Amino acid sequence: MPLSAIPLSSVTRFGLGLQRPEDVVVGADGRVWASDQASACAEIRPDGTLRRVGKAGGAPNGINMDRHGRIVIANFFDGPVQRLDVETGHVEVLCSEVEGVQLTASNYPLVDSKGRIWCTNSTFASPWEAALDGRADGFVFRIETDGSARKLAGGLQFANGIAMDADESHLYVCQTTGCNVVRYAIGADGSLGRAEPYGPKLGASIPAGASATELPPAELLRTLGLTDGCGLDAEGNLWVTLVTANKIVAIKPSGEVVTMLEDPGGTLMNHPTNVSWGGADMCDLYVGSIAVDYVLKMRSPVPGLPLVHQR
């Protein structure tokens, strides 16, 4: 299928009233869930109303689901990886440290076919905004099925969203302040090979010496290539959100970059953070945000690659 741009006029607000809905996950049963700082996650009913479940504290950030229908939460403000039972509301901590190092900014989790949880920790900077200077202290770790955790890769410039291809041969990681995506080959033993850039740099970097507490002017923000979340469609295109540019692009396997959706003024799509697919045909596309109280819903020109819990 051709990668045709999505008209902004076809995009709708969904789940009005959410608090910091960074991410969305769609269950095998079709239920739609968003991360929600006012609870742990909120189910967005078909009519757009919310059912808030659990209490996670901190800031539930990236979310995903295991094959049992439980939601795995990366908690960005408190640091741990948590798991929510969507029926009881019980929240448990799965991991708060890796190899003796306390997690400070868990960002995005992904469950593989073996039931292992891959996740990023963005930075050790405090406040986290100090990491906008481009420091490379982010890392990737994995929680094994026995509950142990191991660091797999470091030296990342604000490690953010991740994706894995259908045969689980490669891991893709957004480097926010690197303004790009890097890819790792996954070895038979589960280790990661060397990081290699996947596609080009996707925009300008934050100027050297910029304040960590004051954002650059809007006209500059729109030019930045700050990558946030990513996801693969069924044809192998990697969709990437550019959080301050209010843009979503797709990197084709050839390396060509195609703009899929943009809203320069941020009137509807404001600080997009993650892309998630669902629906019977996997063409319902949802986009999370850290700046508005809703997620976006639209139709995707290409089906999303089903995640483990959707297969």
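Which of ALA34, ALA74, ALA125 moves the most in a Gaussian network model of the chain with Cα springs under 10 Å? Among ALA34, ALA74, ALA125, the largest GNM mean-square fluctuation belongs to ALA125. Within the straight-line cut-off of under 19 Å between alpha carbons, the aspartates and glutamates reachable from LYS114 are ASP66, GLU144, ASP146, ASP165, ASP167, GLU168, ASP189, sequence neighbours fewer than 8 places apart in one chain being disregarded. Within straight-line reach of LYS297, meaning a Cα separation under 15 Å, sit the following aspartates and glutamates at least 8 residues removed in sequence or on another chain: GLU22, ASP23, GLU43, ASP47, GLU262, ASP263, ASP281, ASP284. Here the chain is treated as a Stokes sphere of Kirkwood radius computed over C-alpha pairs; at 4 °C and 1.567 mPa s its diffusion coefficient rounds to 68 µm²/s.
Overall size of region 64-221 from C-alpha positions, given as principal axis extents largest first: 45, 34, 29 Å. Listed by chain and number, the aspartates and glutamates placed with their C-alpha closer than 12 angstrom to that of LYS252 are ASP233, GLU235; residues fewer than eight positions away on the same chain are left out. Each DSSP beta bridge with both residues in region 145-269 is either parallel or antiparallel, and the antiparallel ones are about 95%. Take the chain, mark every one of the GluC sites (Glu not before Pro) that falls in a DSSP loop and has at most 11 other Cβ within 10 Å, then report the longest stretch left between them, sites excluded. Looking at the chain, 100-213 is the longest stretch - no exposed GluC sites (Glu not before Pro) with at most 11 other Cβ atoms within 10 Å.
No lab work stands behind these numbers, since they all come straight from the coordinates. Values in this document were obtained by computation on a predicted structure and should not be read as measured data. Positions of Cβ are generated from backbone atoms using ideal geometry, with glycine treated the same way; all protein chains shown enter the neighbour counts.
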